[in-house]
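Engineer: The structure is given below, and queries will be raised subsequently.
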């Protein structure tokens, strides 16, 4: 059963996400850190995500009557202990060995959602086992309907209640760091990359312990014996990133659980999601990794929430790095939030303790903001937004 009384405690040497980021940078190879840390092109939208989110200001009410503040949030029939979850991240085991299992366990113990990516390094079945079927699954759309159907069947049989479909990867982002590093799955072992690994003994030893990271969910479908070049070609041929209404309709018909569209960046796509009968959307620009010339996620969030918040669950990711950032997002119209890099910094910095530590930081920071502004429930944050 979920531990609803998980204590909030953390290593006081790393009291912020930035502290974890700096520690992670020292612990993992450069090619892995740059894959995690970077955006696309010149990182313009990566930096705007956090900077423009932090332009949101909240109004404190110091003399108002206040009894207590609760972070509990009901979403899709489940009451979570905080209004944030762990966003899907690809290649998690490349950044820190066994990362998805560590984070899924921490999410389950803290009663927050964990979203497993199709291209993460743990399987649908393993994450379901860890979370007792309470995890969410994020689907990259396959080119073959038979593969799509089998993945959905595995999710259903494993107890997943929420399926997240991704719409913001019609093409892979242009990421100069990854190109320079020859990043593949597994990474290209150039002399430079080998030297980077030798300089990070904890990462190297843990990789030996848990084995070379692979696309575990996709293992049944990948022909044996592929070299790196062949594996890349297989992935390109197997998945079609571009999503449209005609591809969503059969998923909606097959999937009896909650269906969420991730990567929504404008009102038009939000309206289509409602028309197709989806239960939720995640306003997101993929952490600034896809379109450098686009808006930061906080900008369309406010417009979409104001226009469609009564018709569909509006959530947000991209750019959040703290409890105050979660509060800013909720005040701007999000009903729930997700963080990706923040949790990967935590697990890369502290290993097995990283998931618990990062959740504890965010909970304590958010609780402090709620007490400060006199907010009893997370749904009240919108009443404390300073409108400009």
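The numbers here are math on the coordinates, done by the rules we state, and not lab data. None of the values given here were measured: they were computed from a predicted structure. Virtual Cβ from ideal backbone geometry, glycine too; neighbours counted across all protein chains shown.
Engineer: Once every Cα of the stretch 39-170 carries one equal point scatterer and solvent is ignored, give the base-10 log of I(q)/I(0) from the Debye formula at q = 0.10, 0.13, 0.22 Å⁻¹, two decimals.
Structural biologist: Computed log10 I(q)/I(0) values: -0.45, -0.71, -1.32.
Engineer: Highest GNM mean-square fluctuation, the chain, Cα pairs closer than 10 Å: which of 245, 132, 216?
Structural biologist: Most flexible of the set in this elastic network: 245.
Engineer: Let me ask something else. Rounded to the nearest 500, what is the chain's calculated 222 nm mean residue ellipticity when only DSSP H runs of at least 4 contribute -39500 (n - 2.57) each, over all residues?
Structural biologist: It lands at -13000 deg cm²/dmol.
Engineer: 7 Å from Cα along Cα→Cβ at both residue 26 and residue 306: what's the point-to-point distance in nm?
Structural biologist: 4.5 nm
Engineer: Percent antiparallel among DSSP beta bridges with both residues in the stretch 17-384, to the nearest 5? Intermediate results must be reported in sequence, preceding the final value.
Structural biologist: Values: 4 of 30 bridges.
Given both bridge residues lie in the stretch 17-384, the antiparallel proportion sits at roughly 15 percent.
Engineer: While we're on this one: Hey, in the GNM for the chain with a 10 angstrom Cα cutoff, which one of 79, 337, 358 fluctuates hardest?
Structural biologist: 79
Engineer: Separation between the residue 150 and residue 376 pseudo-spin-labels, each 7 Å from Cα along Cα→Cβ, expressed in nm?
Structural biologist: 5.4 nm
Engineer: Return P(r) of the stretch 196-314 (all Cα-Cα pairs; 10 Å bins starting at 0; whole %; ordered from short to long distances).
Structural biologist: Histogramming the stretch 196-314 at 10 Å steps yields 11, 27, 27, 22, 12, 0 percent.
Engineer: Just to be sure I understand the model, the point goes 7 Å from the Cα along the line to the Cβ. What's the resulting residue 256 to residue 276 distance in nm?
Structural biologist: Modelled inter-label distance: 2.2 nm.
Engineer: Name the most mobile residue of 314, 260, 197, meaning the one with the largest mean-square fluctuation, in a Gaussian network model of the chain with Cα contacts below 10 Å.
Structural biologist: Judging by the Gaussian network model, the answer is 197.
Engineer: Against the 2.2 N^0.38 Å scaling, with N counting residues, where does the stretch 42-119 land? I'd like the Cα-based Rg ratio to two decimal places.
Structural biologist: In units of the globular-protein estimate, the stretch 42-119 measures up at 1.50.
Engineer: Let me ask something additional. What percentages, rounded to whole numbers, describe P(r) for the chain computed over all alpha carbon pairs with 10 Å bin width beginning at zero?
Structural biologist: Values per bin, smallest distances first: 5, 24, 35, 26, 8, 1, 0.
Engineer: What FRET efficiency comes out for the pair residue 44/residue 190, r = Cβ-Cβ distance, R0 = 35 Å, nearest 0.05?
Structural biologist: On the way: r = 28 Å, r/R0 = 0.81.
E between residue 44 and residue 190, to the nearest 0.05, is 0.75.
Engineer: Which whole-number percentage describes the relative contact order of the chain, with Cα contacts under 8 Å and a sequence gap of 6 or more?
Structural biologist: Reported relative contact order: 29 percent.
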